[in-house]
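Report on the following structure.
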């Protein structure tokens, strides 16, 4: 039987197509490389994409995807993908219609009210042209000018959903302009006088504002970019009636809904960095773009969860979300969907900043995050999120509690209140929030609760002597407080870690060992002077921590900063990664000892070399056969009074090399990077190491640009080496009679990144 309605729809579309004399149509079907075909003119246009001419990885094509409305679609990465058309123009006074299918992945912060443009050909100064785009939290808009007036038609209630197809249409004539979402009119403006469209003398740009904001003043890194899938963009030289637009929408559908989008087609993708010579392979890293510190670790129903500060729109700081990893062992992670994102309203419009995790009275996990709202003063407070489905083993979806649970007490610095850390002690919950006190330096504010939801402020947890230790800064971020043993009396002993910021801060991880005075509700350190865990300059920062129920020991996570000086993150497409998680303990003298969690051994591949009790000359002869930038090295030297160590990332002509050393004469443990990179000028990181009469033991992890060194489980150095690809050689250093007690080298396997089920 003939389907009259279906044939009628097709006939209507045919009439529409015939009447649209002159139009633009991008199907976004892949025609080869970075070429995009425009159907009406028959011309091909280039898709701008940073990796079609990659600097630090093999070249790759723009992100063509099979999830589509028709044929294929194009995934705009949010910071580098756009198309410029110098040929297209709309005649003055002409009515026209813009329609497009979009599936946003994330929304920009939207500085100065500028759109993340889907398509635009505009001149804001002369009030000419038009633009369609997204804005904060999924609002969207169509703008148009007549040379005297600039009309903005906004939809701020029916927000664009993420990761789903939406059909957007704007149509304008001299009488009115209207917006449609999925065939339904959502906004309309009727003009009091005839509106005569005035075209802009600008190129048509798809996916990027044609007058974008720089990331910061003077930056060549531009924002105001579309982030997500786009398909079937049309500009027709005529306005459309409501029924025509609804009919057009329905003809695309297979049934009543748009096609589902495969996760792999829209999620940020680890695979697009394959071959990147700097991007770590066995350290936890965001699938793409910017990440800050990992935080809020917890263990629940057999899974470890770890979150991280994340900007899914590009490799730069702004509009921070919470990324999410899930693991069975804290090393082999899987990628979960973004857990928390800024949302419209008064709770989190400007960011989901760092925080911690805890458990409610029923033992269910809670996330304590810093809620950012720049319309408030102060602009930071603590809020809570909880899992939507406790039966989901991966806890993929989280829901925010609608109210703030803790706000800054008056005595602390304005707009310096963040990074909650929560623990339970019998029937009480305690929370630390990083902050600072006017004229007294950094501190952490202490709160108490009977139920993990309602919190009462107590007092500053600990205040150091700012005059004596000015490098502890004006503000403390990311306080961490974990049990680490007991005193001889049986009283619990704790480690308290902080990351200082604000001049004159030395932004590293400092710690004290000490006790928790419950009566005074304060921390009492065993030693006044703060201690450093790691001697890498700004390489081991942003601490978070948890008690591992499997081992009963505290575990600390950190961020390994990128130190990109001289290397543009725009050309990398990513910024920063996590350091290896470390398990904390006390040595026989009651001092801190730490090393990577045992599960790192699960990534050991081939044992490339194993030596015992050989002279250094013989060891070097064997080392000449070994090379790599993805290694674990375990090295023990016999005791001696001479400087000793190992050179890694050495090029064949020794133009590049990195020296790891220990000098017994002054007890200095360090890494010399003065010859590490032709791309960057690097220096020496070192600090004092007391071996306590033991022989030197070095454990070295090379992972592309990452370098982590652990010495006798007492100190570490975390740093970066941006060397050439041929800088993979190894050499031991020391006197000719020095004995290498043992040397083992493993090739390390990469994390097999997959999405959680």
Please give the helix 242-252 orientation as an angle from the longest Cα principal axis of the chain, in degrees from 0 to 90, rounded to the nearest 10. 50 degrees
Contact order relative to length of the chain, as percent, for alpha carbon pairs under 8 angstrom and 6 or more apart: 10 percent
Bin width 10 Å, alpha-carbon pairs only: give the P(r) of the range 4-264 as whole percents, running from 0 to the bin holding the largest distance. 7, 31, 39, 19, 4, 0, 0
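Given the Cα atoms of the range 372-441, and with Rh set as the inverse mean 1/r over their pairs in the Kirkwood sense, what is Rg to Rh to two decimals? Walk me through the numbers before you get to the answer.
Details: Rg = 15.1 Å, Rh = 14.2 Å.
Rounded to two decimals, Rg/Rh equals 1.06.
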Based on other C-beta atoms within 10 Å, arrange 225, 431 from fewest to most. 225, 431
Taking 8 Å as the Cα distance limit and 6 or more residues as the minimum spacing, I'd like the relative contact order of the range 641-757 as a percentage. 27 percent
When 438, 488 are ranked with the fewest other C-beta atoms within 10 Å first, the list becomes 488, 438
Distance between the range 289-360 and the range 679-757 - C-alpha centres, whole angstrom: 29 Å
Can you give the relative contact order of the range 284-579 as a percent, counting alpha carbon pairs under 8 Å and 6+ residues apart? 14 percent
For the range 603-748, what Kirkwood radius comes out of the mean inverse Cα-Cα distance, in Å? 15.1 Å
What the 10 Å binned alpha carbon P(r) of the chain shows, as percent of pairs per bin from 0, is 3, 13, 21, 22, 18, 12, 7, 3, 1, 0
Can you classify the range 284-579 as rounded, prolate or oblate using the Cα gyration tensor, where a ≥ b ≥ c are the square roots of its eigenvalues, rounded means a/c under 1.5, and otherwise it's prolate if a/b beats b/c and oblate if not? rounded
As I understand it, the value is the acute angle between the Cα axis of helix 4-19 and the longest principal axis of the Cα atoms of the chain; what does it come to in degrees, rounded to 10? 90 degrees
On a C-alpha basis, how far is the centre of the range 594-669 from the centre of the range 421-453 in Å? Whole number, if you could? 43 Å
Can you grab the distance from the C-alpha centre of the range 247-288 to the C-alpha centre of the range 530-578, Å, no decimals? 27 Å
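Bear in mind that the values in this text are calculations on the coordinates, not laboratory data. Fair warning: this is a prediction, and the values are worked out from it, not measured in the lab. Every residue, glycine as well, gets a Cβ built from its backbone with ideal geometry; the counts of neighbours run over all protein chains shown.
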